[in-house]
Amino acid sequence: MGELDPGFKYEVMREPGGEQLKMCFSCTGCTVSCPVSEIEPMYNPRRYIHQTLVGMRDEVLGDEHLWRCVQCHSCYEYCPQDVKVTELISVLRSLSEREAKKGRVRIKNPLYLFENAFAESVRRHGRVHESMVIAKHIWKTKGLKGLMEFMPLGKAMFFKGKISLFAKSISKRDQVQKIFEIVREGEH
Amino acid sequence: MKTYSFYPGCFVEGSEVEYAKSCEKVFHELGIGIKELEDWNCCGALELTTNKALVIALSARNASIAERMGYECIVPCNICYNNLRKAEHEIKNKTKVGEIAIKALKEAGINYEAKIPIRHLLDVLINDVGIEEIKAHVKKPLSGLKVAPYYGCLVVRPSKICAFENPVNPTSMDNILETLGAEVINFEHKVKCCGGSTLMGDRDTSFELSAEILEEAVRKGADCIAVVCPMCHTMLDGQQAMIESQMGKKFGIPVLYLTQLMGVAMGLSSSDVALDKNIVPAENILNKISKEGGV
Ligand code: SF4
Ligand code: SF4
């Protein structure tokens with residue numbers, strides 16, 4: 001076990017979406033309502049909250065299951081204390097990613113790589129060029145086998161005109177880029 | 001004729017052409033004017049939520065366009081809807097993240113006052129158009145067609161933000177489908193998650209969650225599932241064959257947008273509602289509609 005970090009809860013509460021952390025009174029409502037906990041007991045939102053409050057920074061930010069949340073907002077809905085659990089999990093993911101960039105954590109779940117590529121597509125074009133981002137992601141994470149697996153659906157979608165080969169960019173991309181720039185200034 | 005602005009979002013515009021087309025045709029039939037938001041951007045979807053302020057600011061830019069155009073904004077995607085509602089909520093209540101977003105918008109030269117209502121397509125259909133008006137447009141009732149109504153998550157949750165429906169047991173789609181003449185199945189999974197947002201990271205979880213929904217619909221004898229979100233549709237329709245092969249099960253159940261079913265009941269042609277674009281063949285639902293019911 002890593003050392004306890006009493007500052008961890010404040011670190012989380014400073015982030016947009018993490019403010020309500022201290023309101024939790026550990027009723028377990030979030031975990032009971034969570035469809036992911038139902039199929040994977042290792043994923044447990046109430047435990048993450050408790051660990052965060054106690055200061056178990058390394059355990060939480062290094063937990064590979066963090067990336068399993070499907071953002072369904074059941075926990076958010078059923079929490080009697082309005083902890084906004086879904087957003088809190090996103091904050092933990094974000095902090096985990098920052099640790100990964102510093103080489104302190106290794107994230108196995110490739111979802112964050114997809115999210116980074118998605119963000120970059122939005123920043124550049126104002127919209128996401130989905131088929132391209134998805135195809136590149138599958139290629140990077142699962143290689144040729146992954147692409148082959150995707151082929152039947154890809155082909156059907158292509159012939160139905162559901163795949164666009166070119167990115168559509170908006171005209172005021174500068175506004176979107178400004179938004180990215182300003183909002184990201186607040187990130188450390 | 002009431003006119004609304006319309007925010008299709010990347011998903012509907014990029015690949016879910018059957019949704020875009022059926023929306024357009026159905027609104028036209030109902031006498032509703034639709035103006036696409038000018039130069040809209042991606043709302044951030046569920047992919048950018050590790051930076052909440054970014055999602056709020058990107059979504060608010062879209063809402064600001066609706067505000068400038070002066071029309072209430074219809075959103076046909078659960079995810080976009082949720083993001084735009086959250087943006088409106090945070091900015092209206094001047095929360096910390098709302099203030100960050102407003103600052104970013106200002107620097108980008110955008111003014112937004114959170115004054116224009118953001119409405120899900122389903123909200124407009126049930127509360128503005130209304131059951132009576134929908135009924136008046138039904139020419140070919142969907143008699144004999146058994147439909148499982150699947151709402152998904154983000155159109156009803158969090159209910160403090162998406163305030164038009166009951167978060168546990170929503171009924172608006174049930175009521176519309178009944179009005180169309182369909183037999184509506186009592187669907188327990190109606191607000192349980194399809195798992196779409198982790199498809200690119202943890203496919204097993206996504207597939208397992210979607211399979212639960214498909215299974216219930218098949219078990220209860222549904223002829224098709226009705227949806228109001230492109231993410232739900234991509235999971236249940238587009239990924240259905242992959243889910244089948246991974247789980248060694250067979251579902252073979254068509255998944256249609258509510259607007260496609262409305263169009264069929266209103267007497268529009270199958271090409272008007274793009275039934276040929278669904279991945280699981282959808283045209284054969286037409287054979288399940290009993291002819292005696294027709295007017
Ligand atoms: S949002 Fe995430 S943590 Fe909350 S119930 Fe859904 S899957 Fe579980
Ligand atoms: S539901 Fe809310 S109060 Fe209960 S354990 Fe989860 S976060 Fe804490």
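What follows draws every value from the coordinates through simple rules; no lab data is involved. A quick note: this is a predicted structure, and the numbers were derived from the prediction, not measured. Here the Cβ positions follow ideal geometry from the backbone for every residue, glycine too, while neighbour counts run over all protein chains shown.
Taking Lys and Arg as +1 and Asp and Glu as -1, the other residues whose beta-carbon sits under 10 Å from that of B:E188 total +1. Over the residues of chain B, the helix contribution to mean residue ellipticity at 222 nm works out to -12000 deg cm²/dmol, using -39500 (n - 2.57) for each DSSP H run of at least 4. In the distance distribution for segment B:3-121, Cα-Cα pairs more than 17 Å apart total 52 percent.
Taking only the C-alpha atoms of segment A:1-105, Rg followed by Dmax gives 12.6, 37 Å. Charges were assigned to the Cβ only: +1 to each Lys and Arg, -1 to each Asp and Glu. The resulting dipole of the protein assembly as shown about its Cα centre is roughly 840 debye.
All other residues whose Cβ lies under 10 angstrom from that of B:E212 are scored, Lys and Arg at +1 and Asp and Glu at -1, for a net of -4. Across segment B:55-124, Cα pairs under 8 Å and at least six residues apart give a relative contact order of 49 percent. Look at the alpha carbon pairs under 8 Å that are at least 6 residues apart: their mean separation over the length of chain B gives a relative contact order of 20 percent.
With viscosity set to 0.890 mPa s at 25 °C, what whole-number translational diffusion coefficient in µm²/s follows for segment B:188-288 from Stokes-Einstein and a Kirkwood radius over Cα pairs? Estimated diffusion coefficient is 177 µm²/s. Taking a sphere under 11 Å around the Cβ of A:E115 and counting the other residues whose Cβ falls inside, with K and R at +1 and D and E at -1, yields a net charge of -2. Peptide A:110-123 has a mean shielding of 5, counted as Cβ atoms of other protein chains within 10 Å of each residue's Cβ. When you count the other C-beta atoms within 10 angstrom of each residue and take the mean per peptide, B:244-256, B:211-223, B:64-76 line up highest first as B:64-76, B:211-223, B:244-256. Dipole check for segment A:18-175: with +1 at the C-beta of Lys and Arg, -1 at the C-beta of Asp and Glu, and the Cα centre as origin, the magnitude is about 860 Debye. Build a GNM of chain A with springs between Cα atoms under 10 Å apart, and of A:S26, A:S90, A:S171 the one that fluctuates most is A:S171. Rounded to the nearest 10 degrees, the inclination of helix B:17-29 to the longest alpha-carbon principal axis of chain B is 90 degrees. Annotation: segment A:110-187 has a Kirkwood hydrodynamic radius of 13.9 angstrom, from the mean reciprocal C-alpha pair distance.
What is the helix-to-structure angle for B:96-107, meaning the angle in degrees between its Cα long axis and the longest Cα principal axis of chain B, kept from 0 to 90 and rounded to the nearest 10? With both axes taken from Cα atoms, the answer is about 70 degrees. Estimated from helices alone, the mean residue ellipticity of chain A at 222 nm is -18000 deg cm²/dmol (sum of -39500 (n - 2.57) over DSSP H runs with n ≥ 4, per residue).
Calculated on the alpha-carbon coordinates, the convex hull of the protein assembly as shown measures out at 134 cubic angstrom per residue.
Relative to the longest principal axis of the Cα atoms of chain B, helix B:78-92 runs at roughly 30 degrees. Across chain A, Cα pairs under 8 Å and at least six residues apart give a relative contact order of 18 percent.
Computed with the Debye formula from one identical point scatterer per Cα of chain A, without solvent, the log10 of I(q)/I(0) at q = 0.12 Å⁻¹ comes to -0.73. Answer with one residue from B:Y112, B:G196, B:S15: the one whose Cα lies farthest towards the positive end of the charge dipole of chain B, charges on Cβ with Lys, Arg +1 and Asp, Glu -1. With unit charges placed on the Cβ atoms, the residue in question is B:Y112. For segment A:25-41 versus segment B:206-237, the inter-centroid distance based on Cα atoms is 23 Å. Listed as lacking a disulfide-compatible partner in chain A: A:C24, A:C27, A:C34, A:C69, A:C79, by the criterion of no other cysteine Cβ under 4.7 Å.
Each residue of chain B gets 116 Å³ once the volume of the Cα convex hull is shared out per residue.
This ranking places B:M266, A:M13 by how few other beta-carbon atoms lie within 10 Å of each, fewest first, which gives A:M13, B:M266. For segment A:110-187, a simple Cβ point-charge model (Lys and Arg +1, Asp and Glu -1, everything else neutral) yields a dipole of about 400 debye relative to the Cα centre. Taking the alpha-carbon centroid of each part, what is the distance from segment B:49-102 to segment B:1-38 in angstrom? Measuring centre to centre over Cα atoms gives 19 Å. Look at the dipole of the protein assembly as shown built from charges on Cβ: of A:L88, A:G7, B:L209, the Cα furthest out on the positive end belongs to A:G7.
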